[in-house]
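Shown next, in C-alpha cells, is the structure this report addresses.
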Ligand SMILES: [Zn+2]
C-alpha cells in the first residue's frame, strides 16, 4: 500500500466518481449484480472509506436534464394534442416527472456546492487540502484501481504509475467493465421513457373509460 501524489482526489472532476459524504473522488469497490428483470448488469461504486454509494456528477446532471426534458415534452405535447383526453394524460405524466426532478436534483446540488467551493482554491491549496484529507488514495493491485486511476490519467500514465508503485499488468480486462458501464448509464433513460409512456397510456385508458368523471361526480 503506497500513497499516490500523482492524483489529487480533492480536485473537482465532473467525469469521475465522487463520494458525497467524504467530498472527494475516493477509490471505490465495485459491486456488480445481474438485473434479470431488465436483462443487464448493475454496478454499484461504493466508497472504500465510508461505503457510501458514489456517482459521476456529469451523469447526475444528465438524469436531471432528462427528467426535466421529459416533463416539458409531456406538458407541451398536452397543449399540442388536446384530443380525446390525451392532453390530460400527458399533463399528468408531465406533472409527475416535474415532481421527480425535486428528488433527482439532490445530487447535482451536492456536487455544485463542492465544485464552486473547491474551484476557488489554487492548485497549491488543493494539493494541501488533498494531503490533509482524512482519506488518502493508495496503490493496490486490482481492476478497480485501474478503473479509478483512468478517470484522471491516460492509459499510458496509469501504466507508468503501476510500474512505479508495483507490478505492471500488461493485459487488463477494463474494456468489458467500461462498455457495460456505458450501457448502464443509458438504463435510467430507457426506464424513465418506459414508465412515462406507460403512465400516459394508463391515464389515457382510464380517461377513456370515464373513470375520472365518475370519481369527480362521486366526490
Ligand atoms: Zn466516502
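Throughout, read-outs are computed from the coordinates displayed, never taken from laboratory work. Note that the structure is a prediction, hence the values are computed from the model and not measured. Every residue, glycine as well, gets a Cβ built from its backbone with ideal geometry; the counts of neighbours run over all protein chains shown.
Summary of computed values
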| read-out | value |
| --- | --- |
| Model label zone, residue 112; criterion: amide N under 17 Å from point 7 Å along Cα-to-beta-carbon; scope the stretch 62-80 | 62-69 |
| Anisotropy class of the stretch 13-68 from Cα gyration tensor, a/c 1.5 cut | oblate |
| Contour excess over end-to-end distance, with Cα ends at residue 129 and residue 205 and 0.36 nm allotted per residue | 21.6 nm |
| Principal axis dimensions, the stretch 57-163 - Cα atoms, whole angstrom, descending | 67, 30, 19 |
| FRET efficiency for residue 195 and residue 164, using Cβ-Cβ distance with R0 set to 41 Å, rounded to 0.05 | 0.25 |
